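> Let me give you the structure first, and then I'll get to my questions.
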Amino acid sequence: MPLPTLLAPPAPLHVDTTPDHVAIIMDGNGRWARERHLPRTFGHRAGMKAVREVVEGAIEAGVKVLSLFAFSQENWQRPPAEVSALMQLLEEYIARETSELAGRGVRVRVLGDLQRLSPTAAAAVAHVVERTADNDRLVLNLFISYGGRAELVEAARRVARDVVEGRLSADAIDEDAIGARLYTAGCPDPDLLIRTSGEQRISNFLLWQLAYTELVISPVLWPEFGRQQLFDALREYQRRDRRFGRVPA
Ligand code: IPE
Ligand code: IPE
Ligand code: MG
């Protein structure tokens, strides 16, 4: 007799079809706090633990690149107290986790408009990036002060400058030329995008890079997301049929 589904073990993860690049929109910290009658910043703090678990899970599953959307360009418009609490947490995360990340072979990159960061946050970012630069087990892309449209605008400026200064001809502008001028230059596009908290939108994340990415929306609020939820999303990805506009072979 087959086991009732509740008792059935989860389907195994197939290591050979693990996505190389997983991106996550970490959403739902505020709702997690509200459910507990706590200030929103408590939700952000609880979210740090989820980051730690997901990084460990990604390494375990053999993911090569993990991209986390931590703070959007639009998030600067939140109340100043929330913004400064988030920046404080970023500094705290880097201070607490840098040696652990370095020890696990994680290379941290920070992508976004970093000019807007406070001097102390910018220094913390520079420290973790430099300290982990030689690692290659997992690339951890932290998107901070990031907007997808702003990234494309910046790429357009770089293309224009290269054309005006004679390094590039207008006819040579192709998809690779744009891709090479994005923050993510050299990084493969995400295979899988996970958004937590049930919201079904992209919120200006990786507009160019998500062209053929598989989407998994998890109802779980970010502070409750962990290794198990990551593995569930990876299994869901492994059931998908990626066609890239073609017909099945
Ligand atoms: C995600 O949680 C963290 C950031 C956007 C910085 P939210 O703060 O957006 O939480 P909700 O969406 O209000 O629940
Ligand atoms: C997206 O979440 C940004 C991050 C997770 C960092 P938001 O909570 O800011 O997005 P919206 O406002 O619900 O679209
Ligand atoms: Mg949100």
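The values are calculated or read from the model by the stated rules, or taken from the named source; none is laboratory data. Everything quoted here is computed from the prediction, not taken from an experiment. Please note: Cβ atoms are built from the backbone with ideal geometry, for glycine as well, and neighbour counts cover all protein chains shown. Each accessible area value is taken on the protein alone, full model and side chains, heavy atoms only, with ligands, DNA and RNA left out. Shrake-Rupley method; radii C 1.70, N 1.55, O 1.52, S 1.80 Å.
> Listed residues 53, 91, 35; which is within 17 Å of the chain's Cα centre (by Cα) and open to solvent by 20 Å² or more (accessible area, probe 1.4 Å)?
Working: 91 fails: within 17 Å of the chain's Cα centre (by Cα); 35 fails: within 17 Å of the chain's Cα centre (by Cα).
Of 53, 91, 35, the one residue that is within 17 Å of the chain's Cα centre (by Cα) and open to solvent by 20 Å² or more (accessible area, probe 1.4 Å) is 53.
> Would you call residue 15 open to solvent by 20 Å² or more (accessible area, probe 1.4 Å), of a type in the set (Val, Ile, Thr), out of contact with any Pro (no Cβ under 8 Å at 6 or more places or on another chain) and away from ligand 3 (no atom under 15 Å from the Cβ)?
Details: open to solvent by 20 Å² or more (accessible area, probe 1.4 Å): yes; of a type in the set (Val, Ile, Thr): yes; out of contact with any Pro (no Cβ under 8 Å at 6 or more places or on another chain): yes; away from ligand 3 (no atom under 15 Å from the Cβ): yes.
So residue 15 fits the description; yes.
> What are the pairs with Cβ atoms under 9 angstrom where one residue, in segment 168-182, is in contact (Cβ under 8 Å) with a residue 12 or more places away in the chain and the other, located anywhere, is of a type in the set (A, V, I, L, M, F, W, C) and open to solvent by 70 Å² or more (accessible area, probe 1.4 Å)? Sequence gap at least six, or different chains.
Note: pairs meeting the criteria are 178/208; 179/208; 182/208.
> Only one of these conditions is not met by residue 201: (1) under 22 Å from residue 19 (Cα atoms); (2) open to solvent by less than 80 Å² (accessible area, probe 1.4 Å). Which number is it?
Here residue 201 meets the rest and fails (2).
> Something else: Considering segment 64-90 alone, what residues qualify as being within 29 Å of residue 105 (Cα to Cα) and within 13 Å of ligand 3 (Cβ to nearest atom)?
69, 70, 71, 72, 86
> I need a count of the residues in segment 157-188 that are open to solvent by 80 Å² or more (accessible area, probe 1.4 Å) and either within 16 Å of ligand 1 (Cβ to nearest atom) or under 17 Å from residue 143 (Cβ atoms) (or both).
1
> Since residue 74 meets every condition but one in (1) closer than 22 Å to residue 192 by Cβ; (2) out of contact with any helix residue (DSSP H, G or I) (no Cβ under 9 Å at 6 or more places or on another chain), which condition does it not meet?
(1)
> Sticking with this structure for a sec: Among (1) under 30 Å from residue 239 (Cβ atoms); (2) touching a Pro at 6+ places or on another chain (Cβ under 7 Å); (3) within 16 Å of ligand 3 (Cβ to nearest atom), where does residue 43 come up short?
(1)
> What about residue 116, is it open to solvent by 50 Å² or more (accessible area, probe 1.4 Å), without any contact (Cβ under 8 Å) to a residue 12 or more places away in the chain and not small (Gly, Ala, Ser)?
Numbers: open to solvent by 50 Å² or more (accessible area, probe 1.4 Å): yes; without any contact (Cβ under 8 Å) to a residue 12 or more places away in the chain: no; not small (Gly, Ala, Ser): yes.
Answer is no for this residue.
> Of the numbered conditions (1) out of contact with any strand residue (DSSP E or B) (no Cβ under 8 Å at 6 or more places or on another chain); (2) open to solvent by less than 20 Å² (accessible area, probe 1.4 Å); (3) over 25 Å from residue 149 (Cβ atoms), residue 44 fails exactly one; give the number of that condition.
Only one criterion in (1) out of contact with any strand residue (DSSP E or B) (no Cβ under 8 Å at 6 or more places or on another chain); (2) open to solvent by less than 20 Å² (accessible area, probe 1.4 Å); (3) over 25 Å from residue 149 (Cβ atoms) is unmet by residue 44, namely (3).
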